[in-house]
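Asks: Sharing a structure, written as structure tokens. Questions coming.
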Amino acid sequence: MSSKTSAKNQAPATTASPAAVTIPEAVKPPSFSGKNGYSVFVSIAKIALPFFAIILILLVIVWPQLEEQVIAEGTAIGKSILGDAPDTLSALNPKYLGLDDQEQPYTIIADLAEQSRERENEIFLTLPKADISLQDGSWIALSARSGLYDKDAKYLTLDGNVNIFQDQGFEIITQEAMIDVNAGSAYGQSEVNGHGPAGTVVSEGFVITDRGQRITFTGKSRLVILSDAQETLKK
């Protein structure tokens, strides 16, 4: 009897259970869709748009001043600069702007420009083209297969398939021409073929003076005047 009572009063043995471990949920990255994405876009735009606005304003203010400087100094602008030697520079699609001694603008462009190794002021041009404005509002356009431009003297030498076109409709085709851009004059000593509203001419050379207003053909020359030349010139 006593043994049973003691057995009942004895506390039952307990077994330890492992402690529960709480695993935190993975942190999800912020979503950029919906309203949240729109808010992010607006925040970025508030910073980016004023920045680009400042850049555009600076370009509007600075670019005309830079262009005036280029015209005044006859600086060359090229899309890219190349060089196969340390002392040689070349530019693709260069553009030379300047003013002659009468403050009239002129432009010289080419497919390629290469600086002379012997003289820094001389530039070799591939497929050069030039536009020279005159005081009366007219202009002369020149083109050739190759050329040499002296930046200091403002002297342009053209060679091969030289074409000189006056906006009044007169055109000269020859193989060489030397142009004094500053004085607005030119001359050549190769065979000349010319044509215009009044007729055609073939000569051994030519001289352009008075900034394109006067053209003199030199050497043996042959002129053919059209029958309606006077009426054409009056127009």
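The values are calculated or read from the model by the stated rules, or taken from the named source; none is laboratory data. Source: prediction; values computed, not measured. Each accessible area value is taken on the protein alone, full model and side chains, heavy atoms only, with ligands, DNA and RNA left out. Shrake-Rupley method; radii C 1.70, N 1.55, O 1.52, S 1.80 Å.
Asks: Measuring with a 1.4 Å probe in the full set of protein chains, what accessible area per residue, in whole Å², belongs to the range 85-218? Write out the running numbers ahead of the final one.
Replies: Numbers: 6450 Å² over 134 residues.
Accessible area per residue: 48 Å².
Asks: Please report, as a whole percent, how much of the solvent-accessible surface of the range 112-235 comes from carbon and sulfur atoms (probe radius 1.4 Å).
Replies: 49
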